[in-house]
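Asks: This structure is in C-alpha cells; I'll ask about it shortly.
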Amino acid sequence: RRVMGNRCQSGTSVCVAIQALRNTASVFRPRFALGAISFKFISSIAPKLPYRLAIRMSSGDNPAATPPPGYTVIQEGQAKVYYKNENEVFYNPVQQFNRDLSILTIKMFTEIRKAEIEEKAAKKIANRQALAAENKPVPSGPLPQFDGITILEALAATGLRSIRYCKELPDVKRVLANDYDEAAVSSIRSNAEYNGVSHEKLVANQGEAAAVMYAHKAPELQYDVVDIDPYGSASPFIDSAVQAVRNGGLLCVTCTDMAVLCGNHLDACFSKYGSVAIKNSNYCHELALRILMHAVSTSASRYRRYIEPLYCVSVDFYVRCFVRVHDSAAEVKKAGTKLSYVHQCVACDTFHLQPLMKSTGDPKNPKISGASAEVDSKCDVCGRAYQIGGPFWSDPLHNVDFTQKALTYLNACPDEEFQTKKRLIGVLTTISEELSDRPLFYQLSSLCSTTKTTSIPLKQARSAFHAAGYRLSHSHTDPQALKTDAPTSFIWDMMRSWAKLHPVKANPVTIGGRILATPPNVIANFDLELPEPAVRVARYLPNPEPNWGPKARATGKKRSAEDANVEANGSVEKQVKTDAQTEMDISTNPVKE
C-alpha cells in the first residue's frame with residue numbers, strides 16, 4: 001500500500017500491486033512479508049476468493065487474459081462475461097437468438113420513439129406559432145425532447161443481456177439489471193466492470209423482481225423498456241411489469257413453460273394465465289402466444305392501459321412477445337373484442353372461433369356488447385363433441401410495418417452485428433408473410449393423417465386455395481401450417497377432391513372414412529401455376545448443435561455472493577457487500593495460504 005498508494009486500494013489491478021511489491025522487495029524486505037509471493041500462489045487461491053477479486057487477479061486490465069480457475073469467458077455480440085462452470089448463475093447459449101432479437105427490436109423501437117417525440121415537439125411549435133400569429137397567449141414550458149431510453153431487466157442473471165444493451169444500443173441512457181440472487185448481482189457488477197461499462201450506466205440491483213417493478217410504477221420512475229425473461233413462467237411478473245413501463249414504452253416477455261402453455265397441465269395454465277389451452281392441437285404453439293398475450297392484455301386493462309403487439313415469436317422451447325403499452329381508457333373498453341374462445345373437435349381437425357364480445361356503431365365511440373353463439377354443440381363435419389379452449393388474444397400478433405422495418409435494418413447491417421442474423425431474417429420473413437388477421441391454422445400433414453390419404457405436396461395445396469380465391473400463408477411456428485380465410489367446408493372438400501384423384505381404401509367406420517364418404521361441394525384445382533416467392537430465404541433453419549434446448553436451473557439457491565465464492569476452509573475472511581469495503585478488506589486483511 002505504501003508503494004502503490006491509492007492504486008492498490010482502488011483494486012484496479014491487484015496483480016500489478018503485488019508485482020510492484022516483488023520488484024521493491026530488496027529495499028523493503030524487512031517490512032514486507034509479501035515480497036516473495038508467487039503468481040502460482042495467486043492461481044491456487046483464486047477459487048477461494050470473492051468473484052470480483054478472482055477476476056481481477058487473473059485478468060487485470062487485459063480482456064484477453066486467461067479466466068480464473070473454474071470460470072469460462074463467454075463472448076456474445078460486443079460483450080464478454082465470466083461464467084462459473086458450476087452453473088451457479090444461470091446462462092443458456094440457446095437464448096442468444098432471444099437476445100439478438102431483443103436488441104434488434106429495441107433499436108427499431110428507439111427510432112420510432114425518437115420520431116414520435118420529435119413529431120410532438122413539432123406540433124407544439126406549430127401550435128405556439130399559430131397562437132402568436134393570432135395575438136393569443138402562448139403557453140410556456142419546455143418542448144418534448146428525446147434524451148435516450150432507460151431499460152429495466154428484472155431477472156438479469158449474469159448480466160450478459162444488460163451489458164449488451166449498454167454496449168450495442170447507442171441511445172441507452174441507463175439500464176437497471178436486477179436479480180434476487182446476490183451471487184448473480186456480484187456477477188453483474190464484475191462483468192460490467194470487465195466490459196468497461198460504468199456503474200452509472202448499468203446499475204446492478206438485488207431485489208425481488210415484482211417488488212422492484214412495483215416500486216417503479218409512478219410515471220416519473222417508469223422505464224422506456226421493461227424486459228422479463230424468467231426461468232419458467234412470467235405470470236408472477238406480468239402485473240408489475242405492465243405498470244413499470246412508460247406510456248408508449250416497450251414490454252418484452254418470455255415464457256419457457258411450454259408444457260403448461262401447450263395444454264399438458266390445464267389446471268396450471270388456467271391458474272397462471274387465466275386461460276385453457278387445447279392439448280395436442282396442431283396450433284398449440286401459436287395458441288401459447290395468444291394465451292400469454294391475453295394475460296398481458298388483461299393485466300394492462302386493470303390500469304387503463306392497452307397493448308399493441310409489435311411481433312410475437314415461438315422458437316425453440318419458449319415464446320417471446322414484444323408489445324407496446326399505452327394509456328387510454330377508451331381503448332381499454334375494446335379489450336374484450338380482441339378475445340375469443342376456440343371450439344376444437346375431439347375427433348377431427350375442425351375448429352371454430354367464438355368471439356367473446358363485439359363492437360358496433362361509431363369506431364371512435366363504439367357500443368360494446370356480448371357476442372352471440374356461432375358454434376353448434378356438435379362438430380358439423382364428423383358429429384363428435386367440441387373441446388373448448390380460451391379465452392385467448394385473437395387480434396393480430398404482429399405489426400407488419402414494424403416487422404418490415406426490422407427486416408430492412410437486418411438486410412443492411414453487417415453480418416458481425418448479429419451472430420444469429422440468418423435465423424433472424426428467416427423468422428421475421430415468415431412473420432411478415434403470415435395472415436395477421438386469421439388466428440390459428442390447420443396442418444396439412446394432420447389433415448392427410450385424419451383422412452388416411454396420401455400426402456398432398458404443399459405447392460399443390462397452395463394452388464387449390466388460390467384457385468378458389470382464398471388467401472393462404474404458413475406460420476413461423478409450423479412449416480406445414482395452412483393459415484387461411486377459407487371456410488372449414490372448403491378445406492374438407494379439398495381433401496375429398498384429393499382422395500378422388502388418389503383413391504384410398506376408406507373405412508366408413510372411421511372418422512376419416514365418414515368425412516370422405518360425403519361428396520364434395522367444390523372440386524379443388526391442384527394444377528394452378530403460382531409464382532415463386534418474392535423473397536428466397538431459409539425460413540426454417542435446423543438447430544445449430546445437438547441437445548439444443550433448455551438448460552438446468554442455476555444452483556445459486558439464493559445464497560450470498562460471499563458464501564458462493566468463499567470456500568469452507570476458513571482461510572479467507574468473509575467479504576462484505578460494497579465495492580469500496582471489498583477493496584479496503586483486500587488491503588487490511590491479507591490472504592494467508
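Asks: Assess whether Cys413 counts as being touching a His at 6+ places or on another chain (Cβ under 9 Å) and of a type in the set (A, V, I, L, M, F, W, C).
Replies: Spelling it out, it is not the case that Cys413 is touching a His at 6+ places or on another chain (Cβ under 9 Å) and of a type in the set (A, V, I, L, M, F, W, C).
Asks: Output yes when any residue across region 132-144 is on the phi > 0 side of the Ramachandran plot and not basic (Lys, Arg), and no when none is.
Replies: Yes, that holds for at least one residue.
Asks: Can you tell me which residues in region 387-403 are more than 19 Å from the chain's Cα centre (by Cα) and surrounded by fewer than 21 Cβ atoms within 10 Å (Cβ to Cβ)?
Replies: Gln387, Ile388, Asp395, Asp401, listed by residue number.
Asks: With the requirement that a residue be charged (D, E, K, R) and within 22 Å of Val81 (Cβ to Cβ), what does region 185-226 give you?
Replies: Of everything in region 185-226, those that are charged (D, E, K, R) and within 22 Å of Val81 (Cβ to Cβ) turn out to be Arg189, Glu193, Glu200, Lys201.
Asks: So, in region 261-282, of the ones that are of a type in the set (A, V, I, L, M) and either out of contact with any Leu (no Cβ under 9 Å at 6 or more places or on another chain) or at pLDDT below 95 (or both), which residue ends up farthest from Ala300 (Cα to Cα)?
Replies: Leu266
Asks: Looking at region 128-151, can you tell me whether even one residue there is closer than 21 Å to Asn98 by Cβ and within 17 Å of the chain's Cα centre (by Cα)?
Replies: yes
Asks: Okay, moving on. Would you please list the contacts, defined by Cβ atoms under 8 Å and residues six or more apart or on different chains, that run from a residue in region 294-316 that is basic (Lys, Arg) to a residue that is in a helix (DSSP H, G or I)?
Replies: Correct list of pairs: Arg302/Asp239; Arg304/Ala329; Arg304/Val332; Arg305/Val242; Arg305/Val332.
Asks: Go through (1) in contact with a helix residue (DSSP H, G or I) (Cβ under 6 Å, 6 or more places away or on another chain); (2) in contact (Cβ under 8 Å) with a residue 60 or more places away in the chain; (3) closer than 30 Å to Asp267 by Cβ and name the single condition Thr420 misses.
Replies: For Thr420, the exception is condition (3).
Asks: Within region 405-435, which residues are within 26 Å of His294 (Cβ to Cβ) and either under 18 Å from the mean Cα position of the chain (by Cα) or not charged (D, E, K, R) (or both)?
Replies: Ala406, Val427, Leu428, Thr430, Ile431, Ser432, Leu435
Asks: If you don't mind, there's one more thing I want to ask. Do the conditions hold for Lys358, that is, is it in a strand (DSSP E or B), open to solvent by 60 Å² or more (accessible area, probe 1.4 Å) and either at positive phi or among the basic types (Lys, Arg) (or both)?
Replies: Judged against the criteria, Lys358 is a match.
Asks: Exactly one of (1) in contact with a His (Cβ under 7 Å, 6 or more places away or on another chain); (2) among the hydroxyl-bearing types (Ser, Thr, Tyr); (3) within 25 Å of Arg423 (Cβ to Cβ) is unmet by Tyr306. Its number?
Replies: With respect to (1) in contact with a His (Cβ under 7 Å, 6 or more places away or on another chain); (2) among the hydroxyl-bearing types (Ser, Thr, Tyr); (3) within 25 Å of Arg423 (Cβ to Cβ), Tyr306 is out only on (3).
Asks: Here's another thing I want to ask about it. Take region 209-242 and flag every residue that is open to solvent by 10 Å² or more (accessible area, probe 1.4 Å), of a type in the set (Ser, Thr, Tyr) and touching a Lys or Arg at 6+ places or on another chain (Cβ under 9 Å).
Replies: Hits for region 209-242 are Tyr231, Ser233, Ser235.
Asks: State all residues of region 404-416 that are assigned to a helix (DSSP H, G or I) and open to solvent by 40 Å² or more (accessible area, probe 1.4 Å); if no residue qualifies, say none.
Replies: Gln404, Lys405, Thr408, Tyr409, Asn411, Ala412, Asp415, Glu416 - these are the residues of region 404-416 that are assigned to a helix (DSSP H, G or I) and open to solvent by 40 Å² or more (accessible area, probe 1.4 Å).
Asks: Pairs needed: first member in region 452-464, open to solvent by 60 Å² or more (accessible area, probe 1.4 Å) and part of a helix (DSSP H, G or I); second member anywhere, hydrophobic (A, V, I, L, M, F, W, C) and modelled with pLDDT under 95; C-beta distance under 8 Å; at least 6 residues apart or different chains.
Replies: The qualifying pairs are Lys459/Leu530; Arg462/Leu530.
Asks: Let me ask something additional. Does region 435-446 contain any residue that is farther than 20 Å from Asp478 by Cα and either part of a loop (DSSP other than H, G, I, E, B) or out of contact with any helix residue (DSSP H, G or I) (no Cβ under 7 Å at 6 or more places or on another chain) (or both)?
Replies: No: zero hits.
Asks: Working only within region 319-335, note down all residues that are of a type in the set (A, V, I, L, M, F, W, C) and either modelled with pLDDT of 95 or more or touching a strand residue (DSSP E or B) at 6+ places or on another chain (Cβ under 7 Å) (or both).
Replies: Hits for region 319-335 are Val319, Cys321, Phe322, Val323, Val325, Val332, Ala335.
The values are calculated or read from the model by the stated rules, or taken from the named source; none is laboratory data. From a predicted model like this one, the values you see are computed outputs, not experimental measurements. Note: ideal-geometry Cβ built from the backbone for every residue, glycine included; neighbour counts use all protein chains shown. For the accessible areas, the whole protein counts, side chains as well, though only heavy atoms, and no ligand, DNA or RNA atoms are used. Shrake-Rupley method; radii C 1.70, N 1.55, O 1.52, S 1.80 Å.
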